[in-house]
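A.B. asks: Let me begin by handing over the structure; questions about it come next.
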Amino acid sequence: MSALLSVEGLDAGYGGVPILRGVSIEVSAGETVALLGSNGAGKSTLLRAISGLIRPSAGTVTFAGEEITRRAPHQIVRRGLVHVPEGRRLFARQTVASNLELGFFGSGVARADEAARVEAALDLFPALKTRMETYAGLLSGGQQQMLAIAQGLVRDPRLLILDEPSLGLAPVLVDEVFAALTELGRRGGTVLIVEQLADRALRLARRAYVMSQGQIAAAGDADTLRGSNALEEAYLGVGAELAHDAGERT
Ligand SMILES: Nc1ncnc2c1ncn2[C@@H]1O[C@H](COP(=O)(O)OP(=O)(O)OP(=O)(O)O)[C@@H](O)[C@H]1O
Ligand SMILES: [Mg+2]
């Protein structure tokens, strides 16, 4: 069976400055795949290029058998590819319930079906069920992240793309978010997750890609990558340069 998401030879950047160079990745239905790499490696840029937020200058993105490379973001999301971006873009002064409702925007889901969709999405996040009338801005960081994910889940995505869901969360809240993602995977969900906490991500995901300087530096089974040097090298490549620079300045 062919992959649900297939990215081939993708080049993309900002205002003519190239960032991604020949990136190829695949995600099959039902798997959780991690995308790792140091700060500035190009992870978020890759996610943006996949979901149509920036236009690739070369290569292709194929989703569910259809090429979506230069489609607009709203057309891509309607095909079931939902991107939860870095940071939690919630409406702080609106309730949990209305933030979830906003998740349906442009989805074409019938009003009559919305309640059932919300119910299903909140199955993974029971803590939110009792806080439906709370302003999103008053939730804990972990609950805000859960709400951001639930807002994507109400669309019943075929692929959920998450950009650093653990960002800024205390470890106990990271546990909660990752427990929910583990359960999502167990229920057959398909997830592509960018994560700084490599160890966490490699326990959650079945496979992973490691990015370095806009390219895929390593790829493989999560268990294999955990024990290999590839990951360290991708991170240390940058870290070593920084240490070197710092040394020169003293
Ligand atoms: N909107 C933008 N305009 C111009 N350059 C950008 C923009 N966003 C990111 N970049 C640059 O693109 C490169 C890759 O950034 P990107 O955000 O994709 O990295 P990342 O792997 O997601 O890093 P992080 O772990 O810090 O989130 C960096 O050099 C960054 O400075
Ligand atoms: Mg990023």
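A.B. asks: Does Ala3 satisfy being over 16 Å from the mean Cα position of the chain (by Cα), within 13 Å of ligand 1 (Cβ to nearest atom) and over 23 Å from Gln151 (Cβ atoms)?
C.D. replies: no
A.B. asks: Out of the residues in segment 89-102 that are among the hydrophobic types (A, V, I, L, M, F, W, C) and assigned to a loop (DSSP other than H, G, I, E, B), state the one that is least open to solvent (accessible area, probe 1.4 Å).
C.D. replies: If we take residues in segment 89-102 being among the hydrophobic types (A, V, I, L, M, F, W, C) and assigned to a loop (DSSP other than H, G, I, E, B), then Leu90 is least open to solvent (accessible area, probe 1.4 Å).
A.B. asks: So for segment 106-116 (the condition being among the β-branched types (Val, Ile, Thr) and in contact with a Lys or Arg (Cβ under 7 Å, 6 or more places away or on another chain)), does at least one residue qualify?
C.D. replies: Looking for residues that are among the β-branched types (Val, Ile, Thr) and in contact with a Lys or Arg (Cβ under 7 Å, 6 or more places away or on another chain), one finds at least one in segment 106-116, hence yes.
A.B. asks: Here is a further query. Considering only residues that are in contact with a strand residue (DSSP E or B) (Cβ under 6 Å, 6 or more places away or on another chain), of a type outside the set (A, V, I, L, M) and closer than 24 Å to Thr224 by Cα, which ones fall in segment 1-21?
C.D. replies: Of everything in segment 1-21, those that are in contact with a strand residue (DSSP E or B) (Cβ under 6 Å, 6 or more places away or on another chain), of a type outside the set (A, V, I, L, M) and closer than 24 Å to Thr224 by Cα turn out to be Ser6, Glu8.
Here's the yes/no breakdown for (1) over 26 Å from Leu46 (Cβ atoms); (2) in a helix (DSSP H, G or I); (3) open to solvent by 10 Å² or more (accessible area, probe 1.4 Å); (4) in contact with a helix residue (DSSP H, G or I) (Cβ under 8 Å, 6 or more places away or on another chain):
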residue: Ala112; (1), (2), (3), (4): yes, yes, yes, no
residue: Glu119; (1), (2), (3), (4): yes, yes, yes, no
residue: Leu147; (1), (2), (3), (4): no, yes, no, yes
residue: Gly152; (1), (2), (3), (4): no, yes, no, no
residue: Leu169; (1), (2), (3), (4): no, no, yes, yes
residue: Phe178; (1), (2), (3), (4): no, yes, yes, yes
residue: Gly189; (1), (2), (3), (4): no, no, yes, no
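A.B. asks: So which residues in segment 190-199 are over 13 Å from the mean Cα position of the chain (by Cα) and more than 16 Å from ligand 2 (Cβ to nearest atom)?
C.D. replies: Asp199
A.B. asks: Cβ-Cβ under 6 Å, sequence separation 6+ or interchain: first residue in segment 22-43 and free of Cβ contacts under 8 Å to residues at least 40 places away in the same chain, partner more than 7 Å from ligand 1 (Cβ to nearest atom). Which pairs?
C.D. replies: Within 6 Å, the pairs are Glu26/Ala3; Glu26/Ser6.
A.B. asks: Right, next: Only one of Arg78, Arg70, Arg48 is among the charged types (D, E, K, R) and buried (at least 17 other Cβ atoms within 10 Å of the Cβ); which?
C.D. replies: Unique residue meeting the criteria: Arg48.
A.B. asks: Could you tell me whether Ile149 is within 16 Å of ligand 1 (Cβ to nearest atom) and among the β-branched types (Val, Ile, Thr)?
C.D. replies: No; evaluated as a whole, the condition is false for this residue.
A.B. asks: Would you confirm whether any residue within segment 11-22 is more than 24 Å from Ala217 (Cα to Cα) and either away from ligand 2 (no atom under 16 Å from the Cβ) or open to solvent by less than 60 Å² (accessible area, probe 1.4 Å) (or both)?
C.D. replies: Checked against the condition, which is being more than 24 Å from Ala217 (Cα to Cα) and either away from ligand 2 (no atom under 16 Å from the Cβ) or open to solvent by less than 60 Å² (accessible area, probe 1.4 Å) (or both), segment 11-22 yields at least one hit.
A.B. asks: If you don't mind, another one. Hey, any hits in segment 60-83 for a residue that's under 29 Å from Gly214 (Cβ atoms), within 16 Å of ligand 2 (Cβ to nearest atom), touching a residue at least 24 places away in the same chain (Cβ under 8 Å) and touching a Leu at 6+ places or on another chain (Cβ under 8 Å)?
C.D. replies: Yes, there is a match, as at least one residue in segment 60-83 is under 29 Å from Gly214 (Cβ atoms), within 16 Å of ligand 2 (Cβ to nearest atom), touching a residue at least 24 places away in the same chain (Cβ under 8 Å) and touching a Leu at 6+ places or on another chain (Cβ under 8 Å).
A.B. asks: To continue, here is another question. Go through the residues of segment 16-32 one by one and say whether even a single one is within 16 Å of ligand 1 (Cβ to nearest atom), farther than 19 Å from Val210 by Cβ and either assigned to a loop (DSSP other than H, G, I, E, B) or touching a helix residue (DSSP H, G or I) at 6+ places or on another chain (Cβ under 6 Å) (or both).
C.D. replies: yes
A.B. asks: Do you know which residues across segment 38-59 are under 22 Å from Arg155 (Cβ atoms), among the small types (Gly, Ala, Ser) and within 13 Å of ligand 2 (Cβ to nearest atom)?
C.D. replies: In the first step, residues of segment 38-59 are kept if they are under 22 Å from Arg155 (Cβ atoms); the result is 44, 46-54.
Restricting the remaining residues to those that are among the small types (Gly, Ala, Ser) gives 44, 49, 51-52.
If the condition is that a residue be under 22 Å from Arg155 (Cβ atoms), among the small types (Gly, Ala, Ser) and within 13 Å of ligand 2 (Cβ to nearest atom), then Ser44, Ala49 are the ones that fit.
A.B. asks: Then there's this: Hey, could you check segment 180-196 for residues that are within 16 Å of ligand 1 (Cβ to nearest atom) and over 16 Å from Leu5 (Cβ atoms) and say which is modelled with the lowest pLDDT?
C.D. replies: Gln196
A.B. asks: Here is a follow-up. Residue by residue through segment 35-88, note down the ones that are near ligand 1 (Cβ under 9 Å from one of its atoms), under 22 Å from Leu204 (Cα atoms) and assigned to a loop (DSSP other than H, G, I, E, B).
C.D. replies: Result: Ser38, Asn39, Ala41, Gly42, Glu86.
The values are calculated or read from the model by the stated rules, or taken from the named source; none is laboratory data. These figures come from a predicted structure and were not determined experimentally. Quick reminder, even Gly has a Cβ in these numbers, built from the backbone with ideal geometry, and neighbours come from all protein chains shown. Just the protein is used for accessible areas: all its heavy atoms, side chains included, with ligands, DNA and RNA removed. Shrake-Rupley method; radii C 1.70, N 1.55, O 1.52, S 1.80 Å.
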